[in-house]
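A quick write-up on the structure given underneath.
The values are calculated or read from the model by the stated rules, or taken from the named source; none is laboratory data. Note that this is a predicted model, so its numbers are computed, not measured. Every residue, glycine among them, receives a Cβ derived from its backbone with ideal geometry; neighbour counts consider all protein chains shown.
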Amino acid sequence: MPVATKSGLAGGRAEPPLLGVAVMSNWGWRIMAVFAMIALGLCITFLFDGHTVVGAFWVFIAAAWAFFTIKLWRMHLAWDLGR
């Protein structure tokens with residue numbers, strides 16, 4: 001006699017993602033995008049003002065925040081389409 005199995009995709013709730021609310025809410029990656037743009041503005045300001053070392057640090061910070069923003073955005077899309 002065949003045994004009926006319950007599929008995880010049929011009408012079930014989506015499991016919370018690894019980073020939790022930061023991935024489930026679309027505000028997590030949007031706020032990080034704003035932070036990355038502010039860091040880019042600081043980078044440009046310091047570089048044009050002649051503070052190249054501080055500007056270079058802000059280049060690194062802006063790139064790291066932008067990378068994390070894209071990662072959060074892609075995780076949010078994957079979670080949102082998977083639920």
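Of Ala78, Ala63, all but one fail to be surrounded by 11 or more Cβ atoms within 10 Å (Cβ to Cβ) and modelled with pLDDT of 95 or more; the exception is Ala63. Annotation: Gly50 fulfils all but one of (1) on the phi < 0 side of the Ramachandran plot; (2) loosely packed, with under 13 Cβ neighbours inside 10 Å; (3) not acidic (Asp, Glu); the unmet one is (1). Taken over the range 41-83, the criterion of being closer than 15 Å to Asn26 by Cβ and of a type in the set (A, V, I, L, M) is satisfied by Ile70, Leu72, Met75, Leu77, Ala78, Leu81. Does Pro2 meet the test of being over 25 Å from the mean Cα position of the chain (by Cα) and either at pLDDT 95 or above or in a loop (DSSP other than H, G, I, E, B) (or both)? Yes: the conditions hold for Pro2. Selection of the range 25-36 for residues being part of a helix (DSSP H, G or I) and either surrounded by 13 or more Cβ atoms within 10 Å (Cβ to Cβ) or in contact with a helix residue (DSSP H, G or I) (Cβ under 6 Å, 6 or more places away or on another chain) (or both) yields Gly28, Trp29, Arg30, Ile31, Met32, Ala33, Phe35, Ala36.
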